[in-house]
1. If residue 126 satisfies all but one of (1) hydrophobic (A, V, I, L, M, F, W, C); (2) over 15 Å from the mean Cα position of the chain (by Cα); (3) not in a strand (DSSP E or B), what's the number of the condition it fails?
2. Restrict the check to the stretch 94-110 and report whether at least one residue is part of a strand (DSSP E or B) and within 14 Å of the chain's Cα centre (by Cα).
3. Exactly one condition in (1) touching a Ser or Thr at 6+ places or on another chain (Cβ under 9 Å); (2) hydrophobic (A, V, I, L, M, F, W, C); (3) under 24 Å from residue 62 (Cβ atoms) is not met by residue 174; state its number.
4. Based on this model, can you work out whether residue 129 counts as free of Cβ contacts under 8 Å to residues at least 40 places away in the same chain, of a type in the set (Asp, Glu), under 29 Å from residue 176 (Cα atoms) and surrounded by fewer than 15 Cβ atoms within 10 Å (Cβ to Cβ)?
5. Of the residues that sit in the stretch 73-94 and are out of contact with any helix residue (DSSP H, G or I) (no Cβ under 8 Å at 6 or more places or on another chain) and surrounded by 12 or more Cβ atoms within 10 Å (Cβ to Cβ), which one is modelled with the highest pLDDT?
6. Taking the stretch 41-58 as the region of interest, how many residues are among the charged types (D, E, K, R), crowded, with 17+ Cβ neighbours inside 10 Å and either at pLDDT below 85 or under 14 Å from the mean Cα position of the chain (by Cα) (or both)?
7. If only one of 26, 61 is under 24 Å from the mean Cα position of the chain (by Cα), within 30 Å of residue 184 (Cβ to Cβ), surrounded by 10 or more Cβ atoms within 10 Å (Cβ to Cβ) and modelled with pLDDT under 70, which one is it?
8. With respect to residue 184, is the statement that it is over 30 Å from residue 99 (Cβ atoms), surrounded by 14 or more Cβ atoms within 10 Å (Cβ to Cβ) and either free of Cβ contacts under 8 Å to residues at least 12 places away in the same chain or over 21 Å from the mean Cα position of the chain (by Cα) (or both) true?
Amino acid sequence: MADRRLSLAEKLSLTRWVRTTLSKYIVWDPATLLVPANPAIDRPAEQLIYSERRHLVQLFISSWAAMLVSLFGPLVLILVEGDRIQLAAGLLILGAQGLLLWNVIEWAITRIMITDRRVIEFGGFLRRDGGSMPLSKVTDLAYEQSFLGLLFDYGMVRVESAGQDQALSTIRYLRYPVLFQQELVARAIK
């Protein structure tokens, strides 16, 4: 059997097909969520300042059980006798791997952004989740980093607003929380 490699044109057309087919389910470019300019009402376009995904630690925390089942499940298949037990273990392993794949896709798609007008969090695969908070509502910011957060450079940023609970009051497992807080302070608190 000959090893057939795809040409550059075939790769580009395949990539284009995947992007157009899945565009209803995945946000490929975060800039598509921003408010466009409208010259009729003299509204400038929203500018993206900072964009980040959550730290990899969030993926490990949300899917550690699925990782363990995926790693040690085949060992159970080898050691256990009986067709029904092996079938149940195999289905459990398959389910754990599906859950792990789902968590990886969710983690890869979720973004946290700061624009010149608001803080936005969006994500979701096969469903959309999102929230935003206008920068004019931000009154106070705080960040926390545990010992592990200091080692791996992740943390939590708490955004307080004028007497209201907002969608993005606590942002957990944020990569580079000090940089995020500095960017937010530079834009929000004037």
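1. (2)
2. No; the residues of the stretch 94-110 include none that is part of a strand (DSSP E or B) and within 14 Å of the chain's Cα centre (by Cα).
3. Failing condition for residue 174: (1).
4. yes
5. Residue satisfying both the conditions and the ranking: 94.
6. Residues in the stretch 41-58 being among the charged types (D, E, K, R), crowded, with 17+ Cβ neighbours inside 10 Å and either at pLDDT below 85 or under 14 Å from the mean Cα position of the chain (by Cα) (or both): 3 in total.
7. Matching residue, one of 26, 61: 26.
8. For residue 184, the condition - over 30 Å from residue 99 (Cβ atoms), surrounded by 14 or more Cβ atoms within 10 Å (Cβ to Cβ) and either free of Cβ contacts under 8 Å to residues at least 12 places away in the same chain or over 21 Å from the mean Cα position of the chain (by Cα) (or both) - is not met.
The values are calculated or read from the model by the stated rules, or taken from the named source; none is laboratory data. This is a predicted model, so every value here is computed, not measured. Positions of Cβ are backbone-derived with ideal geometry, glycine not excepted, and every protein chain shown enters the neighbour counts.
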